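Derivation of every value follows stated rules applied to the coordinates shown; laboratory data play no part. Everything quoted here is computed from the prediction, not taken from an experiment. Using ideal geometry, Cβ is built from the backbone for each residue, glycine included, and neighbour counts are taken over all protein chains shown.
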Amino acid sequence: MPDPKYLEQEPVSRLLWKFSLPAIAGMLAGACYNVIDSVFVGQGVGVIALTAVTIAFPIMTVLMAIGMLIGIGAGALVSIYLGEKKIEQAEQVLGNALVMAIVFIVPAALIVLHFLDPLLIGVMGATPQVLPYAHDFVAIILLASVFLHIGFGLNNVVRAQGNPNTALATQILSFGVNLVLGYVFIFVFRWGIKGAALATAIGQGSSAVWVLGFFLSGRGVLKLRLRHLRPRLSVMGKIAAIGVAPFTMQLGMSAVMVVLNWLILGLGGDVAVAAFGVVNRIVMLVLMPVVGVSQGAQPIIGYNFGAGKPRRVVEAVVKATLAASAICGVAFLVAEVFADDVIRLFSGDPNMIAIGRSALRIFVAMLPLAGVQIIGANYFQAVGKARYAVVFSLLRQIIVLIPAAYLLSRLWGLTGVWIAGPTADLASALVTAPCVFLNLRRSLGRHRP
């Protein structure tokens with residue numbers, strides 16, 4: 001059983017490396033299976049099915065938002081409690097996080113399932129041709145969503161208590177199961193889009209079983225105990241207060257997808273929506289290493305904040321930001337140079353390739369700045385400043401991107417929608433960077449001897 005004290009003793013660079021690499025690998029695994037699912041669907045079922053997955057994505061994002069509310073909120077709170085040497089309180093957080101994952105997601109999934117077709121048509125913009133595919137895909141995902149929230153949510157606690165390699169194993173297990181079954185179900189059994197959804201559901205189920213087994217066995221610092229499954233409103237409130245930032249960010253992402261899907265549908269039709277779905281998955285894949293660095297930095301920042309070591313907090317934020325910016329810079333170059341080849345992986349349709357190539361190259365134009373905003377929002381979340389974290393999480397997605405997409409599309413049509421992406425990246429970085437700097441300087445001033 002590891003002693004979490006090493007989070008305040010080992011060099012920050014070594015800790016960031018130790019925690020970020022497994023987190024990066026895990027986030028890439030998660031993003032890769034979204035990308036590979038899309039490749040399998042596009043090549044094995046068709047462009048309309050790919051459009052259906054894009055139309056359905058905002059619903060899946062809302063479900064993920066609930067998981068992030070619980071999992072990231074619990075993980076940040078566990079890190080702070082461990083830094084304060086409060087093991088009992090940390091285990092209460094773990095138990096209540098599991099209860100929240102079940103109580104929150106089951107009713108939400110059933111409500112969405114009941115209103116699924118009207119939601120897909122009236123809100124998501126599914127056309128009659130796309131609707132059957134979208135319905136089949138989302139219905140299966142909804143029925144299995146509780147597994148996603150147990151596996152994904154509690155895995156944040158695994159990482160927060162100092163077990164990054166175990167957290168990585170959880171994500172690789174889910175990715176591997178989904179990858180193998182996705183290929184078999186789509187290309188061997190010919191189950192179409194239902195096969196893609198079933199593969200995802202079974203992959204999520206395997207990660208849920210794995211994480212529950214880890215905490216029940218007591219192999220980590222924390223153990224899942226029966227007495228801590230009794231709901232405590234005070235504990236749940238603290239989890240939700242910290243987790244509300246990533247929750248709102250995911251809701252913002254869902255809102256962005258809905259608005260952009262409607263704009264793109266009107267300007268370019270179903271094929272343009274499919275192309276945007278591909279671009280969105282590529283951008284997510286590119287940003288996953290940055291999110292991995294952010295997740296790797298979170299327990300270091302949270303623990304040292306709780307332990308009263310602000311200089312180590314500053315060092316972790318600075319080094320995480322530099323690493324994130326470097327990753328984004330490399331990814332930007334790759335996306336610009338290989339745009340054609342990347343789009344062809346998903347479909348050979350010439351129209352989709354032309355639209356997707358242009359969209360990808362424009363959308364990632366300011367990607368090197370994205371790391372500043374992601375790490376900055378994560379800093380406020382890690383130290384428990386929920387209101388700040390909410391604002392900075394919403395900054396890119398809601399405050400800038402949606403209005404920019406609407407206004408710029410009026411000027412330049414479909415191209416204007418793509419230009420909204422770099423506009424939002426630039427604006428959010430320019431606002432986030434000085435705010436984080438001032439907050440860190442104040443923190444250092446308060447602890448100066």
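Listed values, structure above:
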| item | result |
| --- | --- |
| Region 8-446: projected area of the alpha-carbon convex hull, averaged over directions, in nm² | 19.0 |
| Region 110-144 and region 59-105: distance between their alpha carbon centers, rounded to Å | 29 |
| Cross-link reach list, lysines versus Lys223, counting only Cα pairs under 28 Å and skipping chain neighbours closer than eight places | Lys5, Lys18, Lys85, Lys86, Lys238, Lys309, Lys385 |
| Contact order normalised by residue count of the chain, Cα under 8 Å, 6+ apart, percent | 24 |
| Charge dipole (the chain, unit charges on Cβ, about Cα centre) - positive-most of Ala245, Ser79, Leu181 | Ser79 |
| Region 329-449: radius of gyration over Cα atoms, expressed as a fraction of 2.2 N^0.38 Å | 1.31 |
| Cα centre as origin, Lys/Arg/Asp/Glu Cβ charges: region 54-194 dipole, Debye | 200 |
| Within the chain: Cβ-based charge dipole about Cα centre, in debye rounded to nearest 20 (Lys, Arg +1; Asp, Glu -1) | 1660 |
| Among Tyr6, Val209, Ala324 the positive-end extreme of the charge dipole of the chain (Cβ point charges) | Tyr6 |
| P(r) histogram, all alpha-carbon pairs of region 167-232 included - 5 Å bins from 0, percent | 4, 18, 20, 15, 13, 11, 8, 7, 4, 1 |
| Region 365-388-region 193-262 distance, computed between alpha-carbon centres (Å) | 21 |
| For region 65-114: relative contact order, % (alpha-carbon pairs under 8 angstrom, 6 or more apart) | 42 |
| Least to most buried among Asp425, Asp341 (fewest other Cβ within 10 Å first) | Asp341, Asp425 |
| Whole-number Å³ per residue for the convex hull built on Cα positions in region 148-190 | 47 |
| For region 130-273, Kirkwood radius (reciprocal of mean inverse C-alpha pair distance, Å) | 17.7 |
| Cα long-axis angle, helix 131-143 against the chain (0 to 90 degrees, to the nearest 10) | 20 |
